[in-house]
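Chemist: This structure is in structure tokens; I'll ask about it shortly.
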2 protein chains.
Amino acid sequence: VEFEHGGYVQESNGQFIDFSSNVNPLPFPKGIRRLKARIFESVRPYPDPYIRELCEKVSSLHGLSKEEILFGNGSSELIYLSLFALKPRSVCIPAPTFSEYERASKAIGAEIERIELDENFLLPLSSIKDTEMLIFCHPNNPTGNYIIENRKDILSLNIRHFIIDEAFIEFSEDHEKRSFLSLIKEDKRIIVIRTFTKLFPLAGVRIGYMVAEKEVIERIKAFKPPWNVNGPAMVLASSFLEERGFVERTRKLVKKEREYLIKELKALGFKPYPSVTNFILFKLKEGQTSKVLRERLQSKGIMIRDCSNFSGLDERFVRIAVKTRKDNKRLIEALKEICLKY
Amino acid sequence: VEFEHGGYVQESNGQFIDFSSNVNPLPFPKGIRRLKARIFESVRPYPDPYIRELCEKVSSLHGLSKEEILFGNGSSELIYLSLFALKPRSVCIPAPTFSEYERASKAIGAEIERIELDENFLLPLSSIKDTEMLIFCHPNNPTGNYIIENRKDILSLNIRHFIIDEAFIEFSEDHEKRSFLSLIKEDKRIIVIRTFTKLFPLAGVRIGYMVAEKEVIERIKAFKPPWNVNGPAMVLASSFLEERGFVERTRKLVKKEREYLIKELKALGFKPYPSVTNFILFKLKEGQTSKVLRERLQSKGIMIRDCSNFSGLDERFVRIAVKTRKDNKRLIEALKEICLKY
């Protein structure tokens, strides 16, 4: 599809005066100029609608062609666009999981079938009936584990599209072996979604991407507004992809701190679940509720995720992120104090 | 609809350690830290999904309730979401106009009826048959005029929804009298879309808003991903709304420079059309084509919009933006040189 709006200034190395794009010709006023350098260069011109630099980097990172990649205004936009474009009449969604899969499916009027995870938070494949789409988070939020143990097990299901949200997979040590990215070429039904919100902590600029077979990408692209990824997002995401040391340091820290937290939570009598990610779901002690625990921690300046509103969980569950030792210690100390009287 | 993802750190004035949001705990690496101050504070945390500060400002600017406003990832997202949510089976679109109205209508499979503007680029209301939606740009891109002379004329049409894109209206001196914003309360069919891309030149961060009756906003909101507006966009748009002096200086400059350009274009034998905006459509001389003119200007370092791919126009038309006197003079000088031999 040809891009037909004019304004290709990003290709011209600033040698052109752009009369093709209808925007205010005045320089920024003083109040705006205070907002500083690099970002500045990216906030005014239209962002590259082809997202070329990033697409190049991501395609060589994963060994994919550019036609197999689509960038979104956060991975959430990509979830919505997939549903708008593929219009499944029925969608199968595990419970508990990230609630946007269900919200997006509801928006298009799809029939939703929730599949409860088993006691180890695994997806019981035998309870999945014929459906047009299966959406799941791999590893799963908020449980922290892979709900599918063997990737290829799902391929025998009679399902037209799999949307696999790998938002947290890069925190996992065996992410390369676990990811569905390497199955894209083998099975056209697979759509993988990745984000720059979690490992690369850029939630504020909204950027994610989807990987799928060319024709699926083309179908979804028709529903995408032309300049959906902003300039600051491109600048930041592109820089982050060069930060391999940051990725390694993160994985190391998360592993160490996750083990520390799990050990301490167990010592306090809670039931933390195994996690391959940067968060931990745990079950409270008999008689405790997530609401009370959340409020007591909040009064000590600590916020946790009350999981009572996750379909498939209840007020016995909370989720915490894995942070630095100093913060993690503060959480554990606060929990100790609370548990003395609760 | 309750927002149900946890992570409300923006309300806590930094007093909390946020264990509720699953993001990387490490500080930014050096390569990222170079990207400077304010923007920095907005790129890492999740952006406010309720866009509260901006919504407050826009609602008091227009005298509207917050339930009548919806922010988007650029006005283009709002055009797409309106179509996804309202699902018109038929859409009426003037020609020539901004091509995204038709692209978005095609995505949802609507039947599209193009209405050719008359020789003064006015919309012939009598040629509009019963349709579910009318989308138009007010004032129109690329013609630069109001295609509807009297706002209330369209209200007698038998149409379920009007989407009125007022992207350029703030450049017009009588924008308050001309805007459909003041008719929102009187006619529930009206949806007005505004942007921070044109008068406020923030194309790079993608931000716009829509104004409509509460129930229409609710319907469209159900199709919107939760964090669709990024942090830098909120910081910048919010600051720009305080810049009234900038707005006044812009309007004054645009009026003066538009008059200068129109006079000079006429003197060169071109046919510029009247414009109330910051751009001018003009017709070339007998035997000239937009392609050749564009190429010759490009070789002099100047880019213009070749309008030959606008439905309803052809290779006799080009569009230029109104810029500062120095740039405008350079364009006119270049056109003079070209016209000596063309």
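The values are calculated or read from the model by the stated rules, or taken from the named source; none is laboratory data. Here the structure is a predicted model, which is why all the values come from computation and not from measurement. Methodologically, a virtual Cβ is constructed for each residue, glycine included, from the backbone with ideal geometry; neighbour enumeration extends over all protein chains shown. The area values use the complete protein model at the heavy-atom level, side chains included, leaving out ligands, DNA and RNA. Shrake-Rupley method; radii C 1.70, N 1.55, O 1.52, S 1.80 Å.
Chemist: Pairs under 8 Å by beta carbon, first residue in a loop (DSSP other than H, G, I, E, B) in region B:126-138, partner modelled with pLDDT under 90, six or more apart or different chains?
Modeler: Going by the 8 Å Cβ cut-off, there are no qualifying pairs.
Chemist: If we keep just the residues of region A:195-209 that are over 20 Å from A:ARG249 (Cβ atoms) and within 11 Å of the chain's Cα centre (by Cα), which is nearest to the other protein chains (Cβ to nearest Cβ)?
Modeler: The residue in question is A:ARG206.
Chemist: Does A:ARG160 count as in contact (Cβ under 8 Å) with a residue 40 or more places away in the chain and more than 24 Å from A:CYS55 (Cα to Cα)?
Modeler: It is true that A:ARG160 is in contact (Cβ under 8 Å) with a residue 40 or more places away in the chain and more than 24 Å from A:CYS55 (Cα to Cα).
Chemist: Quick one: B:LEU297 ticks every box in (1) closer than 18 Å to B:THR143 by Cα; (2) open to solvent by less than 10 Å² (accessible area, probe 1.4 Å) bar one, so which box is it?
Modeler: The failed condition is (1).
Chemist: Also: Would you please list the contacts, defined by Cβ atoms under 7 Å and residues six or more apart or on different chains, that run from a residue in region A:92-105 that is within 12 Å of B:PRO225 (Cα to Cα) and within 14 Å of chain B (Cβ to nearest Cβ) to a residue that is polar (S, T, N, Q) and open to solvent by less than 10 Å² (accessible area, probe 1.4 Å)?
Modeler: Within 7 Å, the pairs are A:GLU100/A:SER76.
Chemist: Given (1) modelled with pLDDT of 95 or more; (2) of a type in the set (S, T, N, Q); (3) under 30 Å from A:ILE51 (Cβ atoms), identify the lone condition not met by B:THR197.
Modeler: So B:THR197 meets the others, but not (1).
Chemist: Would you pick out the residues in region A:300-342 that are surrounded by fewer than 21 Cβ atoms within 10 Å (Cβ to Cβ), of a type in the set (Val, Ile, Thr) and closer than 22 Å to A:THR143 by Cα?
Modeler: A:THR324, A:ILE332
Chemist: Does B:GLY144 qualify as being more than 19 Å from B:MET210 (Cβ to Cβ), open to solvent by 20 Å² or more (accessible area, probe 1.4 Å) and within 14 Å of another protein chain (Cβ to nearest Cβ)?
Modeler: Spelling it out, it is not the case that B:GLY144 is more than 19 Å from B:MET210 (Cβ to Cβ), open to solvent by 20 Å² or more (accessible area, probe 1.4 Å) and within 14 Å of another protein chain (Cβ to nearest Cβ).
Chemist: If we scan region B:298-312, do we find a residue that is assigned to a helix (DSSP H, G or I), touching a helix residue (DSSP H, G or I) at 6+ places or on another chain (Cβ under 6 Å) and either more than 10 Å from chain A (Cβ to nearest Cβ) or at pLDDT below 95 (or both)? Full working, then the answer.
Modeler: Step one: list which residues in region B:298-312 are assigned to a helix (DSSP H, G or I), which gives B:298.
Next, from what is left, pick out any that are touching a helix residue (DSSP H, G or I) at 6+ places or on another chain (Cβ under 6 Å): none.
Scanning region B:298-312 turns up no residue that is assigned to a helix (DSSP H, G or I), touching a helix residue (DSSP H, G or I) at 6+ places or on another chain (Cβ under 6 Å) and either more than 10 Å from chain A (Cβ to nearest Cβ) or at pLDDT below 95 (or both).
Chemist: With the checklist (1) modelled with pLDDT of 95 or more; (2) open to solvent by 40 Å² or more (accessible area, probe 1.4 Å) in hand, flag the one item B:SER127 doesn't pass.
Modeler: Here B:SER127 clears every test but (1).
Chemist: While we're looking at this one, here's another question. Are any residues in region A:184-224 within 21 Å of B:LEU78 (Cα to Cα) and of a type in the set (Lys, Arg), and if so, which ones?
Modeler: Listed by number, the residues that qualify are A:ARG206, A:ARG219, A:LYS221, A:LYS224.
Chemist: Mind listing just one residue for me: the one in region B:260-270 that is surrounded by fewer than 18 Cβ atoms within 10 Å (Cβ to Cβ) and of a type outside the set (Lys, Arg) and, of those, nearest to the other protein chains (Cβ to nearest Cβ)?
Modeler: B:TYR260
Chemist: Here is a follow-up. What is the number of the single condition among (1) surrounded by 22 or more Cβ atoms within 10 Å (Cβ to Cβ); (2) more than 9 Å from every other protein chain (Cβ to nearest Cβ); (3) β-branched (Val, Ile, Thr) that B:ILE79 does not meet?
Modeler: (2)
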